[in-house]
Protein chains: 2
Amino acid sequence: MDAWQNLTARVAELDALAGASATLDWDQQTYMPPKAADTRGTQTALLQRLYHERFTAPEFGDWLSELESRELDGTQRAAVRLHRRRYDRAVKLPSSLVSALSIARTEGFHAWAAAKEADDFNRFAPKLQRILDLTREQAAALGEGAAHPYDALLEDYDPGSTVADLRPMFDRLGVEIGKFLGAIEGRPHPEPLGLRLDVEGQARLSQRVVRDLGFDMEGGRLDRSAHPFTTGLGVGDVRLTTRYFEDDVLSGLGSTIHEAGHGMYEQGLPANLAGTGLNQAAGMGLHESQSRFWENFVGRSLPWFRYLAPRLGAIWPEREFSPERLYAAANRVQRTLVRVEADEATYNLHIIVRFGLELATLEGQLQAVDLPAAWDEAYRRVVGVVAPSARLGVLQDVHWSSGLFGYFPSYTIGNLYAASFAQKMLADIPAFWSLVERGDFAPILGWLRTHVHEKGSRSDAVDIFREVAGNRDPVEDLVSHLWSRHGALYGVSRS
Amino acid sequence: MDAWQNLTARVAELDALAGASATLDWDQQTYMPPKAADTRGTQTALLQRLYHERFTAPEFGDWLSELESRELDGTQRAAVRLHRRRYDRAVKLPSSLVSALSIARTEGFHAWAAAKEADDFNRFAPKLQRILDLTREQAAALGEGAAHPYDALLEDYDPGSTVADLRPMFDRLGVEIGKFLGAIEGRPHPEPLGLRLDVEGQARLSQRVVRDLGFDMEGGRLDRSAHPFTTGLGVGDVRLTTRYFEDDVLSGLGSTIHEAGHGMYEQGLPANLAGTGLNQAAGMGLHESQSRFWENFVGRSLPWFRYLAPRLGAIWPEREFSPERLYAAANRVQRTLVRVEADEATYNLHIIVRFGLELATLEGQLQAVDLPAAWDEAYRRVVGVVAPSARLGVLQDVHWSSGLFGYFPSYTIGNLYAASFAQKMLADIPAFWSLVERGDFAPILGWLRTHVHEKGSRSDAVDIFREVAGNRDPVEDLVSHLWSRHGALYGVSRS
């Protein structure tokens with residue numbers, strides 16, 4: 001076998017191990033009985049170790065070196081580039097650091113859960129400090145020559161993104177959203193829905209909606225879990241989960257549409273590139289652009305609720321559903337404390353706060369014990385609210401406890417990319433909103449397939465974005481969308 | 001690390017790999033979307049290869065040799081004995097034969113499914129012949145010095161069982177069941193139930209029954225699948241599946257009780273011996289004794305239906321359920337064609353037929369093309385019926401297509417063991433039947449825990465059976481149970 005055959009055979013093996021791991025994880029979050037927790041932990045740790053051993057084996061580096069010295073076709077070149085970056089990162093980290101991080105994350109997660117339960121940041125602080133120290137070490141080990149230590153962390157989630165690119169965009173976005181919030185300040189809010197609907201009916205609705213959107217149920221599923229997520233277990237197997245609240249149909253439905261957006265991206269990745277590693281998402285931000293596009297741009301629009309109202313009526317025939325009321329209720333904009341409950345506009349402020357705090361910790365300006373005060377100060381300044389307790393403040397998210405520094409920006413990168421994709425699509429598909437209203441989503445999904453999904457990870461996400469959006473300004477696209485959607489509802493217009 | 005630590009660390013790793021594989025398999029049979037079939041095949045094959053490599057590695061043999069030369073405690077001695085047998089078997093098979101068998105089984109399964117669908121044995125014959133040839137090769141490679149080549153195959157399912165032991169027992173059992181069937185010949189059969197009950201209600205009933213029996217739902221689950229099965233994914237994680245038919249509540253319930261019996265055995269295995277390999281079932285026959293004991297001895301008794309009738313009434317309050325009618329319907333004895341639909345008595349005749357045919361093929365007296373005629377002849381002689389088509393005859397079971405020669409006897413071994421356990425238990429627990437009627441199954445399960453489950457695989461199943469049953473005759477115990485249960489229903493008594 002030559003180096004290319006060896007490489008692709010190994011990558012196929014790694015994909016199979018990753019898919020097996022992902023299956024165990026999906027099961028753990030959906031159906032696994034509680035007493036299986038320790039057993040499952042052992043199984044997952046073993047599969048991850050086997051993955052790591054096979055990925056970082058010296059022969060993998062040898063195959064890459066041999067291929068780099070050869071004439072390659074375009075696919076081979078893209079694959080070698082991708083694996084070289086990952087391989088170098090993986091072998092750069094001393095195994096002592098990898099295992100220290102793994103222990104710190106496990107302990108951090110448990111300490112965070114207990115601290116949140118007790119509403120007491122101090123219980124989390126020492127473990128968080130340990131994670132911070134190790135994360136800085138990790139960034140130093142990986143980020144040789146990088147302009148900012150945070151860049152090395154971003155590489156894990158959004159290869160190609162840098163602080164130098166993101167900071168000015170996030171700063172502008174914060175200022176513009178601030179202007180918009182100032183304009184609606186004191187205006188009457190749309191009415192909340194105030195509707196109780198049984199969760200069995202909501203589950204049927206979600207199954208229907210996911211199919212209508214174009215998620216292939218022969219190659220995937222939708223189940224329930226405490227925290228909604230999407231996971232690709234391999235070609236032909238994409239699992240979505242969601243959750244339902246009896247008093248908030250829009251919340252569960254929003255989660256469902258969001259995860260379906262992720263899932264349709266996974267299903268649209270180029271299966272013919274299996275074994276090259278290129279049949280994977282190009283980054284978390286691009287992934288998030290797919291979920292946000294469907295959840296927000298489509299899923300909070302008036303045409304969407306015109307599509308949805310008769311489907312609601314079919315499940316609850318004794319109720320009346322007005323598209324206009326649903327639309328208004330789905331677009332209340334408020335300064336609130338909790339990221340995962342935030343509206344389409346203020347959501348990004350939550351990310352801007354976290355991005356700033358993560359930069360400051362990586363730069364060494366903040367230690368774990370400084371975070372609660374820094375959090376409250378940033379929330380006061382950026383979001384305009386202060387949490388009455390750590391639980392609703394600095395302890396609200398799991399990410400830091402699991403060592404996921406560098407992950408948060410993906411959410412707003414997703415919103416930005418989605419905004420420009422949407423504008424481009426409106427130009428390419430003039431009938432866009434009437435298609436949504438009719439529930440004919442195939443042309444829209446088709447556009448995403450061609451322009452995003454089928455590219456896999458042949459290029460970095462930023463380059464895929466530029467190929468599609470040309471020189472569009474995603475900050476401007478997002479801000480103008482927010483003004484135009486909420487303008488009529490709040491009776492304001494951009495000056 | 002010394003040899004014992006190395007051995008147990010490796011066994012723990014093997015258990016984790018086996019548990020991961022079993023999770024993938026469970027998922028495949030319950031929730032996996034259809035398009036994932038190829039992906040899942042690749043994942044499972046990889047995990048099995050990793051298992052095999054790690055189990056048959058030379059160091060595993062070295063650790064065993066070192067331990068065999070040492071002073072060991074009882075647990076260590078039992079573990080070394082168990083792994084030595086398995087290891088020697090595994091390394092005795094040339095890897096070319098292992099992979100040829102694996103291919104032949106995959107192809108055999110597909111050919112069998114197509115042949116059954118088309119009701120045409122010829123489509124299956126060449127693949128079955130290939131499996132037969134390789135199985136004979138396997139038996140020859142493993143069975144050096146064995147009294148019968150079939151003994152080497154039995155070892156995979158019922159370590160310690162031999163043709164010399166089984167043949168006379170099965171022969172006697174066949175004769176005795178024949179006498180019993182002769183006695184009820186021409187007597188009026190109890191009425192069938194003729195009841196339609198919605199499957200959602202049946203599913204609730206099964207969940208209730210499984211909990212009542214003592215299956216721990218914190219460490220397990222009950223789901224639905226096309227073919228009921230039980231699988232242990234590791235400590236604290238035992239999964240049962242069952243199926244329901246609207247027009248046959250007793251069939252689905254029987255499957256549920258049967259699988260719960262398997263599942264309670266798995267849950268009762270000694271978790272403190274994890275890592276030694278001794279926390280596993282001592283054999284398929286013993287496993288089957290647990291499912292058959294609950295399904296038949298308990299689950300077809302009149303006291304059981306007295307327990308059950310009010311639970312049925314709670315789910316379908318508009319219906320009336322008579323314990324006597326349920327009991328009678330559950331105990332109709334008929335000469336029929338299909339093993340999995342057979343009653344408690346004739347079931348064993350189906351096994352006796354297969355046992356005879358398997359012995360003849362292993363002895364070289366029968367080739368694949370001879371099996372349809374030999375099957376019909378044996379059914380006419382042993383069961384008293386002849387299949388109108390291959391689908392209801394020689395093609396009815398999946399086992400041979402998957403190379404599972406040696407497996408069938410386990411079912412009747414299970415019935416035999418269960419019969420003697422039951423008689424022993426009646427002596428030890430005089431209130432047995434009133435406990436069943438009250439739904440107080442804990443003392444019964446407790447007896448099985450102590451006498452069977454907690455022994456794990458410290459001894460061979462036959463030795464565990466003898467420890468418990470002393471010099472009881474399981475054939476006599478089973479036959480006298482059949483007469484006593486059906487005597488009153490059919491108005492006959494043993495002469």
DSSP-assigned coil residues among trypsin sites (Lys or Arg not before Pro) in the range A:1-78, each with at most 13 further Cβ atoms within 10 Å: A:Arg70
For B:Arg204, what charge total do you get from the other residues with a beta carbon under 13 Å from its beta carbon, if Lys and Arg give +1 and Asp and Glu give -1? +1
Once the label point is placed 7 Å from Cα along Cβ, list for A:Glu59 the distances to the corresponding points in the other copies, in nm, shortest first. 1.8
Averaged over B:213-221, how many beta carbons belonging to a partner chain fall within 10 Å of each residue's beta carbon? 2
Base-10 log of normalised Debye intensity for the range A:273-327 (one unit scatterer per alpha-carbon) at q = 0.24, 0.30 Å⁻¹: -0.89, -1.07
Starting from the Cα gyration tensor of the range B:107-175, take the square roots of the eigenvalues, sort them a ≥ b ≥ c, and report rounded, prolate or oblate (rounded when a/c is under 1.5, otherwise prolate if a/b is larger than b/c, else oblate). oblate
Would you work out which of B:Val91, B:Ala147, B:His110 lies farthest towards the positive end of the dipole of the range B:86-152, given +1 charges on the beta-carbon of Lys and Arg and -1 on that of Asp and Glu, about the Cα centre? B:Val91
Over chain A, what is the mean sequence separation of C-alpha contacts under 8 Å (at least six apart), divided by residue count, expressed as relative contact order in percent? 20
Starting from the Cα of A:Asp247, step 7 Å toward the Cβ, then list every residue of the range A:178-213 with an amide N under 15 Å from that point. A:192-199
To the nearest 0.05, the calculated FRET efficiency linking B:Asp165 and A:Thr106 through their beta-carbon distance, R0 being 56 Å, is 0.65
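Can you pull a Stokes-Einstein diffusion coefficient for the protein assembly as shown at 25 °C (0.890 mPa s), Rh from Kirkwood over Cα pairs, as a whole number of µm²/s?
Estimated via Stokes-Einstein, D reaches 77 µm²/s.
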Taking the convex hull of the Cα atoms, report for the range B:240-396 its projected area averaged over all directions, in nm². 12.5
What does the charge count around A:Gln423 come to, taking other residues whose C-beta lies under 11 Å from its C-beta (Lys +1, Arg +1, Asp -1, Glu -1)? -2
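Can you tell me which of B:346-355, A:57-66, B:309-318, A:222-231 comes out highest on packing, and rank the rest after it, using the mean Cβ neighbours within 10 Å?
B:346-355, A:222-231, A:57-66, B:309-318
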So between A:Leu426 and A:Glu363, what do we pick up on full extension, going 0.36 nm a residue minus the alpha carbon distance? 18.5 nm
What gaps in nm, shortest first, separate B:Val91 from its twins in the other copies when you place the label 7 Å past Cα toward the beta carbon? 3.4
Return a single number: how many Lys pairs in the protein assembly as shown, at a sequence separation of 8 or more or on separate chains, have alpha-carbon atoms below 19 angstrom apart. 4
Taking the Cα centre of the range B:111-174 as origin, work out the dipole magnitude from +1 charges on Lys and Arg Cβ and -1 charges on Asp and Glu Cβ, in debye rounded to 20. 220
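Count the net charge of all other residues whose Cβ sits under 13 Å from the Cβ of B:Pro159, scoring Lys and Arg as +1 and Asp and Glu as -1.
Value of the local net charge: -2.
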A:Asp370 to A:Ala113: extension gain in nm, 0.36 nm per residue of separation minus the Cα-Cα distance? 90.6 nm
So, by mean Cβ neighbours within 10 angstrom, what's the order for B:445-456, A:177-188, A:419-430 with the highest one leading? B:445-456, A:419-430, A:177-188
Point-charge dipole on Cβ atoms (K/R +1, D/E -1) for the range A:1-71, about Cα centre, debye to 20: 440
Using the Cα centre as the reference, give the magnitude of the dipole from point charges on the C-beta atoms of chain A (Lys, Arg: +1; Asp, Glu: -1; all else neutral), rounded to the nearest 20 debye. 660
If each residue's Cβ is checked for other Cβ atoms within 10 Å, how do A:Tyr307, A:Tyr417 rank with the fewest at the top? A:Tyr307, A:Tyr417
For the range A:342-429, what is the Kirkwood estimate of the hydrodynamic radius, computed as the reciprocal of the mean inverse distance between distinct Cα atoms, to one decimal in Å? 14.3
Checked against the positive end of the charge dipole of chain A (+1 on Cβ of Lys and Arg, -1 on Cβ of Asp and Glu, about the Cα centre), the farthest of A:Ile131, A:Phe245, A:His399 is A:Phe245
If you count, for every residue in B:29-35, the Cβ atoms of partner chains within 10 Å of its Cβ, what is the mean? 6
Quick one: if you stick a label point 7 Å off each Cα along the C-beta vector at A:Ser434 and B:Asn272, how many nm between them? 7.6
Take peptide A:13-26, look around each residue's Cβ out to 10 angstrom, count Cβ atoms belonging to other protein chains, and average those counts. 5
In terms of the charge dipole of chain A, which places +1 on Lys and Arg and -1 on Asp and Glu at the beta carbon, the residue among A:Leu195, A:Trp4, A:Ala469 farthest towards the positive end is A:Leu195
For a distance above 32 Å, tell me the whole-number percent of Cα pairs in the range A:106-495 that qualify. 34
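If I take R0 = 51 Å and measure r between the Cβ atoms of B:Arg224 and B:Asn471 in this structure, what FRET efficiency does the formula 1/(1 + (r/R0)^6) give, to the nearest 0.05? The partial results should precede the final answer.
Values: r = 43 Å, r/R0 = 0.84.
Using R0 = 51 Å, I get an efficiency of 0.75.
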With the Cα gyration tensor of the range B:3-92 giving a ≥ b ≥ c as the square roots of its eigenvalues, does the rule (a/c under 1.5 for rounded; else a/b larger than b/c for prolate; else oblate) give rounded, prolate or oblate? prolate
The range B:37-83: Rg to Rh, with Rh as the Kirkwood radius over Cα pairs: 1.24
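Bear in mind that the values in this text are calculations on the coordinates, not laboratory data. Quick caveat: nothing in here was measured; it's all calculated off a predicted structure. Cβ coordinates were reconstructed from backbone atoms using ideal geometry, including for glycine residues, and neighbour counts include every protein chain displayed.
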